[in-house]
Structures are given as structure tokens and as C-alpha cells.
């Protein structure tokens, strides 16, 4: 039985290296789901570049909160995408 178009596209994305970049670009879309509404109101994902996620926060208090939770956030992101999308978190 032939592969579905979706399976062929997924395989092409993996083979060409675009799969990881697509996952990186999708993180902001799922940010509220990953961290919850309270954190998402005060912290946003600027970008992810080569496994480093850059997060902007509104205040020093929220910077400290994200710094304390960065391992938890990294694990949740990677769990959501089933791959090691985030290796490091930088908070600004």
C-alpha cells in the first residue's frame, strides 16, 4: 500500500532537516498550552534558534519566576513536540 501524502511530507521534512525548524517555529503557537495562561500573560517566546529559546518577560519578578521554572518549561516544550526542540532558555 502506498504511503499517504502526509507521511511522504513528514519523511521529506525529516530527511531535509526542516522538521526541527518547523517544530521550533511552532512553539509560540502552543505557548499558552505549554506554560498556562498566567505565565503566558507575562512571558512570551521571542524566538528559538538552534535549540536556544529566547523569552521576554514584563518584570524582574517574572524573570526570576521563569528562571526558576526554565527546566520545567524546557521539559514541557520537548514533551509537547516529542523531540529535543529546546536545549537552553534565555530570559530577557
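The values are calculated or read from the model by the stated rules, or taken from the named source; none is laboratory data. Remember, predicted model here, so these are calculated numbers, not experimental data. Cβ placement follows ideal geometry from the backbone for every residue including glycine, while neighbour counts extend to all protein chains displayed.
Tabulated values for the structure
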| quantity | calculated |
| --- | --- |
| Subset tally (residues that are in contact with a helix residue (DSSP H, G or I) (Cβ under 6 Å, 6 or more places away or on another chain) and assigned to a loop (DSSP other than H, G, I, E, B)) for region 59-74 | 0 |
| All positions within region 5-22 that are modelled with pLDDT of 70 or more and in contact with a helix residue (DSSP H, G or I) (Cβ under 9 Å, 6 or more places away or on another chain) | none |
| Residue under evaluation residue 84, criteria (1) outside any helix (DSSP H, G or I); (2) in contact with a strand residue (DSSP E or B) (Cβ under 8 Å, 6 or more places away or on another chain), criterion not met | (2) |
| Enumeration of residues in region 66-92 that are within 16 Å of residue 32 (Cβ to Cβ) and surrounded by 14 or more Cβ atoms within 10 Å (Cβ to Cβ) | 66, 69, 73, 76, 77, 80, 81 |
| Of residues in region 23-58 being modelled with pLDDT under 95 and assigned to a loop (DSSP other than H, G, I, E, B), the one surrounded by the fewest Cβ atoms within 10 Å (Cβ to Cβ) | 50 |
